[in-house]
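Let me begin by presenting the structure, written as structure tokens, before commenting on it.
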Amino acid sequence: MANKQFPKSLLLFAVFLSSVLQAQDARIELNERLVTVTDNFLGSLTREQHNQAVFDFDDEERLNWHFIPRERNGAAFRDMTEEQLQAAHALLRTFFSESGYAQAEAVRNLENVLKEIEVNGRFERDPDNYYLTVFGEPGMDNNWALRYEGHHLAFNWTFVRGLGIASSPQFFGSNPAEVRSGSQTGLRVLAAEEDIARQLVESLTAEQAGMAVLNTEAPRDIITGANVDISRFDVSGIAATDLDSTQQGLLIDLIAEVASVQASALYGERMNRLRQEGTGSLRFTWIGSTDRGAPHYYRIQGASFVIEYDNVQNDANHIHLVWRDFEGDFGRDLLQLHYDGVAAVSGTGHTH
């Protein structure tokens, strides 16, 4: 009997289905680990700390995020015992990738740099003034969330009843962007996020730069700020399809650099979504001078997300970097899927 070959389309579908199932398995395995480390952390807290750290999932506090020095709600590092700190860091090592955890720690330790170089500063600089806050009860069948926040760190993870894990808003900051005095002179915590973008903008031809670079004053901060709701930006900058293959590679590398702070399964989901949406949806915008050391801003907008970066404050030595999902921030798209599914089964009168 002659061998029959499967149509190429079926083989491609089989490969795609296999990759989807592998990604789903990785997400489920990550979800289980995140539930475990969060439960372990909560179990280490005193009753008073637990009351400070845990809110209802639907509490409005879950959307009360920011990246500036301010009063915060949650369990503070500075109030934790050594055992509790170990549980907190075990949690963070699981939520972040290895490089993401190291970067978050470097951002936190910049508080020591600011304490060393600032004279009569108006803010308290304390690397232990960072908070973990849990919303809801961690569990595979529950809606729950975790926030990790302090000055220049704001990470939000939302879990929706097995439908997925949302990982935005995601914010890193670095002040100073480059340490220019003191014991850590030369340190650049967010170096790659500037250098890859600069390599891309410097590779542009005059015609490409005419599309990508807006020679106006750079925004003083990320435009989305700490807004809970954001909208897509008007079309600006250069489309990825107007870049050559090397330049497109740099653009993808830049997106991957920002995405890779997340645990590998979440990083993989972000990059898979980007592949599904296609590079045709991407646009790169640079605002301000392209001279190193001068104020500048860039933005990458895709079909479902936006990355904003600025280095303007403190004589262009102070970086803000954010990843936002237009529909997915705080798990909104996943929650809508869940609510729609419940309504389809139980009717619109069902309460959540």
Which listed residue, of Gly43, Gly121, is closer than 26 Å to Gly331 by Cβ, more than 24 Å from the chain's Cα centre (by Cα) and not aromatic (Phe, Trp, Tyr): Gly43
Qualifying residue in the stretch 131-140 (condition: charged (D, E, K, R) and under 24 Å from Asn112 (Cα atoms)): no
Selection status of Leu34, modelled with pLDDT of 95 or more and in a helix (DSSP H, G or I): yes
Test: residue in the stretch 227-236 that is over 25 Å from Ile68 (Cα atoms) and either surrounded by 15 or more Cβ atoms within 10 Å (Cβ to Cβ) or polar (S, T, N, Q) (or both): yes
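Return yes when Val213 is in contact (Cβ under 8 Å) with a residue 24 or more places away in the chain, touching a strand residue (DSSP E or B) at 6+ places or on another chain (Cβ under 7 Å), of a type in the set (Val, Ile, Thr) and more than 30 Å from Arg62 (Cα to Cα) and no when it is not. Can you show your working first?
Values: in contact (Cβ under 8 Å) with a residue 24 or more places away in the chain: yes; touching a strand residue (DSSP E or B) at 6+ places or on another chain (Cβ under 7 Å): yes; of a type in the set (Val, Ile, Thr): yes; more than 30 Å from Arg62 (Cα to Cα): yes.
Taking the combined requirement at face value, the residue satisfies it.
Which one of these is at pLDDT 95 or above and either acidic (Asp, Glu) or closer than 26 Å to Gly173 by Cβ (or both): Asp25, Asp58? Please lay out each step first, then the result.
On the way: Asp25 fails: at pLDDT 95 or above.
Testing whether each residue is at pLDDT 95 or above and either acidic (Asp, Glu) or closer than 26 Å to Gly173 by Cβ (or both) leaves just Asp58.
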Strands (runs of 3 or more DSSP E) contained entirely in the stretch 94-189, each with at least 3 residues that are aromatic (Phe, Trp, Tyr): 153-160
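Quick one: which residue in Ile196, Ile222 is part of a loop (DSSP other than H, G, I, E, B) and under 19 Å from the mean Cα position of the chain (by Cα)?
Values: Ile196 fails: part of a loop (DSSP other than H, G, I, E, B).
Checking each option against the conditions leaves just Ile222.
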Answer residue from the stretch 267-294, given it is touching a helix residue (DSSP H, G or I) at 6+ places or on another chain (Cβ under 7 Å) and hydrophobic (A, V, I, L, M, F, W, C) and is farthest from Val322 (Cα to Cα) among those: Ala294
Conditions (1) in contact (Cβ under 8 Å) with a residue 12 or more places away in the chain; (2) acidic (Asp, Glu); (3) part of a loop (DSSP other than H, G, I, E, B): number failed by Asp229: (1)
Residue in the stretch 277-300 that is touching an Asp or Glu at 6+ places or on another chain (Cβ under 6 Å) and at pLDDT 95 or above present: yes
The listed residue being out of contact with any Gly (no Cβ under 8 Å at 6 or more places or on another chain) and at pLDDT below 95, out of Val235, Val213, Val228: Val235
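The values are calculated or read from the model by the stated rules, or taken from the named source; none is laboratory data. A quick note: this is a predicted structure, and the numbers were derived from the prediction, not measured. All Cβ positions, even for glycine, are placed from backbone atoms using ideal geometry, and neighbour counts span all protein chains on display.
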